2 protein chains.
Amino acid sequence: MDVIKLGLGGFGTVGSGLAKILDMNADRIAKRLDRKIEIKSALVRDLNKKRAFDLGPNATLTDNPDELVNDPEVDIIVELMGGLDTARDLILKAFAAGKHVVTANKHLLAEHGLELFQAARENNVGLMFEASCAGGIPIVQTLKESLAGDKVNNMLGIMNGTANYILSEMTTKGMDFNTALADAQDLGYAEADPTFDIEGFDTAHKLCVLIRMAYGVDYPLEDIPVQGITGVTPMDIQFAREFGYRIKLLAHVMDVDGQLEAGVHPALVPYTYLIARVGGNYNAIRLTGNAVGPVMLHGQGAGDLPTGSAVLADIMHLIRHMKQGVTPDNTGFDGLAIEKAKILPPEESESKYYFRFTVADRTGVMAAITKSMATHGVSIAQAVQKGEAGAEGVPLVIITHETRAKDANAMIEEVDAMDFTVEPCVKFRIL
Amino acid sequence: MDVIKLGLGGFGTVGSGLAKILDMNADRIAKRLDRKIEIKSALVRDLNKKRAFDLGPNATLTDNPDELVNDPEVDIIVELMGGLDTARDLILKAFAAGKHVVTANKHLLAEHGLELFQAARENNVGLMFEASCAGGIPIVQTLKESLAGDKVNNMLGIMNGTANYILSEMTTKGMDFNTALADAQDLGYAEADPTFDIEGFDTAHKLCVLIRMAYGVDYPLEDIPVQGITGVTPMDIQFAREFGYRIKLLAHVMDVDGQLEAGVHPALVPYTYLIARVGGNYNAIRLTGNAVGPVMLHGQGAGDLPTGSAVLADIMHLIRHMKQGVTPDNTGFDGLAIEKAKILPPEESESKYYFRFTVADRTGVMAAITKSMATHGVSIAQAVQKGEAGAEGVPLVIITHETRAKDANAMIEEVDAMDFTVEPCVKFRIL
């Protein structure tokens, strides 16, 4: 049986996961493809570091990228290094050498994706990236193939397991953010430096990739509004719960009369939505197509085996094409140049809001706030004022009807400046 | 721009749905494929019947299958007629004429799938069928491509919207079965003759198709144990709820040491599983792969637009292949002949059970029942006896640990024959 040989860029968690699956499911793979798959070489920084998986005597570790990409026996390069420059160089070299590439690198695709798709096209090779977005959830393939004939009205995604785990712990156990983060780090669900995860950047990278898949347009990463979860408090989680919501770190994109509105924010989701009940470090994506209606995909977003599974699916997809002597459609849009998205200015976005004001317990406060709201056209759906007056002030929570961001921001600016305001207004969108 | 022309077999609900989407999303389709798609002709029984969608002056309605399949301008035949003989004949004629086929016909695939895959292979044409299983959920594509490198440990599916709607109404509103069925029929969620849906046959057809996709083996339809929902009562739903379960009509398959266990039954699912909360006429499939871990897909299972969306995705998949001059892998197993499944004898399957005995309120009943259980190795996890004695007898509900079906059946036979038994034991598996 013919053997397809892989050159891995990097051999850490995901590389070891891939190697384990190739070993564990070798018979299934051979049955499906009539081919064997072997890792022939892996590019690493430290040749002497102990590895989680022993690739065996026939495989080589190298610290030289050219050795990897110029090997005529290697058909597919699997980029698992992460980061920007080294990964980009490796991929471009692989293309120039006529090799297909599978990557898990959402950051690279968000920053340099257009250049990479162009280079892949010019060299007539495949660039596959299911593992870059929520590893265990086949969202890239679903958008590219299964929903190819739909128009995506909107997409909501929980795409970072670390952030979701932290929020779940805060929700189910009433922990504050710092305790939940430390907990997550102890369990290996959060990195020593968790910035990319908790600040929402990782989610924004993935959103950028998925917007291209769903709409065939590029919403530049630097234009995506991003807010992380560090400002979420147990008090907000409790108030949200009382109103019938859960707080999740959500990526969202929606088509508003031909313009795209997108962002990454902690947001309130109705408890009745299945996506509100996604717990722990699971991921989920809920989207609505104008034909298929609402669809939700749920699974593990990270980990050696789930991510390795996505990488393997892409490798097998490439092999099916290689057997027939053709190249896949990398972008799902016939390899056409991806044009820039028509972006709805964020200030024009409309949404329901959750506002938590912290105010001094004084006559006239509610009147002043509601007057400011009325002035700016912000309409109140629900309101609650609770708790005893203390030095910290009294929380006043308001849920609004659909409100324009511009008006919400203007109202907050006005109220935050009022002399009874003890702390700035905390604002979350309701999606 | 080149035009791909379709010949539809049937022009009812799904055909109209497809036509609507082709119209609604024409620009998106053209952007993705650099092709237009048109329905050129449709095979119908009654040329004069009023149709939900006007195909326009360039399309033809015909009642002659040969006219449809022999038209050299038509590249793809879309079989939407349902049923067995006429649909099978049409598809085989289409293959012989060198045309690709897209079908939504789960019954035909379950009964004659192997023959059709063989014929497609011999004629080197595509046979696609995403719409046959839970229309709005991309399960076929997911199993074929995204989870190609995984071994599927088990799959649970709610795949019939009618049955799920009825059970949801019974669960949320306490209705009895007949009332819920009548309700569903009024709303158009159930057919005038709902047999295929409520007896589980429709679900069994889909399970048969999905087992092939997941395992590459054929589990013959006639060997799949099938039990419908007509025996589910509000009392069982209430007891199940108290124990922390919901009752759903579930298709299930699991790999038990290389043998497959499969069936369609009403079953209890833990409330904590997302699949337990699938309501209304939605469908969901939850599966576990040995690499990807647990994955759940959720969406609409039927309807003109969701099913039309799946049909369109298959058409576009075929067009992508046609543009490159190749044929898709129809079975996901390199077109190899699909061997017969190694089937675990149903009596050997192990599962937790819910038993509801209806017994006379008399001394010694509990002792006799528990003695019978002990004799047959059935171990009790939870038990409750409730209600006042009436002429109808007292309900006694027992939840067991993992039990072999053979032992459960023997125990029930023994207890049902005892003189205190007022009604036969009601038995549901817990999955």
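The values are calculated or read from the model by the stated rules, or taken from the named source; none is laboratory data. These figures come from a predicted structure and were not determined experimentally. With ideal geometry, Cβ positions are generated from the backbone for all residues, glycine too; neighbour counts draw on all protein chains shown. Surface accessibility is based on the protein's heavy atoms, side chains included, excluding ligands, DNA and RNA. Shrake-Rupley method; radii C 1.70, N 1.55, O 1.52, S 1.80 Å.
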Exercise. Quick one: B:G301 ticks every box in (1) more than 7 Å from chain A (Cβ to nearest Cβ); (2) modelled with pLDDT of 95 or more; (3) crowded, with 24+ Cβ neighbours inside 10 Å bar one, so which box is it?
Worked result: (2)
Problem set entry | Hits in the range A:117-129 (condition: in contact with a helix residue (DSSP H, G or I) (Cβ under 6 Å, 6 or more places away or on another chain) and either open to solvent by 10 Å² or more (accessible area, probe 1.4 Å) or more than 23 Å from B:G149 (Cβ to Cβ) (or both)) | A:A119, A:N123
Exercise. Of the residues B:D54, B:D46, B:D34, which single one is open to solvent by 90 Å² or more (accessible area, probe 1.4 Å) and farther than 26 Å from B:F95 by Cβ?
Worked result: B:D54
Exercise. Looking at the range A:324-335, is at least one residue within 12 Å of chain B (Cβ to nearest Cβ), touching a residue at least 40 places away in the same chain (Cβ under 8 Å), of a type in the set (A, V, I, L, M) and open to solvent by 10 Å² or more (accessible area, probe 1.4 Å)?
Worked result: no
For this session: Go through B:A87, B:A59 for me and flag whichever is farther than 23 Å from B:V209 by Cβ, outside the structural domain of B:P220 (by TED's automatic domain parsing) and not polar (S, T, N, Q).
Result: B:A59
Problem set entry | Subset of the range B:231-246 [open to solvent by 70 Å² or more (accessible area, probe 1.4 Å) and not in a helix (DSSP H, G or I)] | none
Exercise. Take the residues of the range B:78-99 that are of a type outside the set (A, V, I, L, M, F, W, C) and open to solvent by 20 Å² or more (accessible area, probe 1.4 Å): which is farthest from the chain's Cα centre (by Cα)?
Worked result: B:G98
For this session: Taking A:L114 as the residue in question, decide whether it is assigned by TED's automatic domain parsing to the domain that holds A:G9, in a helix (DSSP H, G or I), open to solvent by less than 20 Å² (accessible area, probe 1.4 Å) and touching a residue at least 24 places away in the same chain (Cβ under 8 Å).
Result: no
Exercise. If a residue has to be in contact with a strand residue (DSSP E or B) (Cβ under 7 Å, 6 or more places away or on another chain) and either open to solvent by 20 Å² or more (accessible area, probe 1.4 Å) or more than 14 Å from B:G280 (Cα to Cα) (or both) to count, how many in the range B:156-198 make the cut?
Worked result: 3
Exercise. Given the residues B:M366, B:M411, which is the only one that is modelled with pLDDT under 95 and either farther than 22 Å from B:P266 by Cβ or in a helix (DSSP H, G or I) (or both)?
Worked result: B:M366
Problem set entry | Options B:G17, B:G10; residue that is within 14 Å of chain A (Cβ to nearest Cβ), closer than 16 Å to B:V102 by Cβ and not aliphatic (A, V, I, L, M) | B:G17
Problem set entry | Sole exception among (1) open to solvent by less than 20 Å² (accessible area, probe 1.4 Å); (2) outside the structural domain of A:D193 (by TED's automatic domain parsing); (3) of a type in the set (D, E, K, R) for A:K106, by number | (1)
For this session: From the list A:E145, A:E122, pick out the single residue that is within 14 Å of another protein chain (Cβ to nearest Cβ) and among the acidic types (D, E).
Result: A:E145
Problem set entry | Count of the range A:257-287 residues which are surrounded by fewer than 21 Cβ atoms within 10 Å (Cβ to Cβ), in contact (Cβ under 8 Å) with a residue 60 or more places away in the chain and facing chain B (nearest Cβ under 10 Å) | 1
Seminar exercise, completed: Taking the range A:274-310 and keeping residues in a helix (DSSP H, G or I) and either more than 21 Å from A:L18 (Cα to Cα) or not aliphatic (A, V, I, L, M) (or both) leaves A:L274, A:I275, A:A276, A:R277, A:D304, A:P306, A:T307, A:G308, A:S309
Problem set entry | Residue satisfying condition, being assigned to a helix (DSSP H, G or I), touching a Gly at 6+ places or on another chain (Cβ under 8 Å) and touching a residue at least 40 places away in the same chain (Cβ under 8 Å), within set A:M213, A:M170 | A:M213
For this session: Taking B:E347 as meeting all but one of (1) assigned to a loop (DSSP other than H, G, I, E, B); (2) open to solvent by 40 Å² or more (accessible area, probe 1.4 Å); (3) touching a strand residue (DSSP E or B) at 6+ places or on another chain (Cβ under 9 Å), write down the number of the exception.
Result: (1)
Problem set entry | Residue identified as modelled with pLDDT of 95 or more and more than 14 Å from every other protein chain (Cβ to nearest Cβ) among B:Y219, B:Y189 | B:Y219
For this session: Could you list, in sequence order, all residues of the range A:1-31 that are aliphatic (A, V, I, L, M) and open to solvent by 10 Å² or more (accessible area, probe 1.4 Å)?
Result: A:M1, A:V3, A:I4, A:V14, A:L22, A:M24, A:A26, A:A30
Seminar exercise, completed: Taking the range B:374-431 and keeping residues hydroxyl-bearing (S, T, Y) and exposed (fewer than 15 other Cβ atoms within 10 Å of the Cβ) leaves B:T375, B:S379
Exercise. Taking interchain pairs and intrachain pairs at least six residues apart, which have beta carbon atoms under 7 angstrom, with the first residue in the range A:121-150 and closer than 15 Å to B:G136 by Cα and free of Cβ contacts under 8 Å to residues at least 60 places away in the same chain and the second crowded, with 24+ Cβ neighbours inside 10 Å and among the hydrophobic types (A, V, I, L, M, F, W, C)?
Worked result: A:S146/B:A313
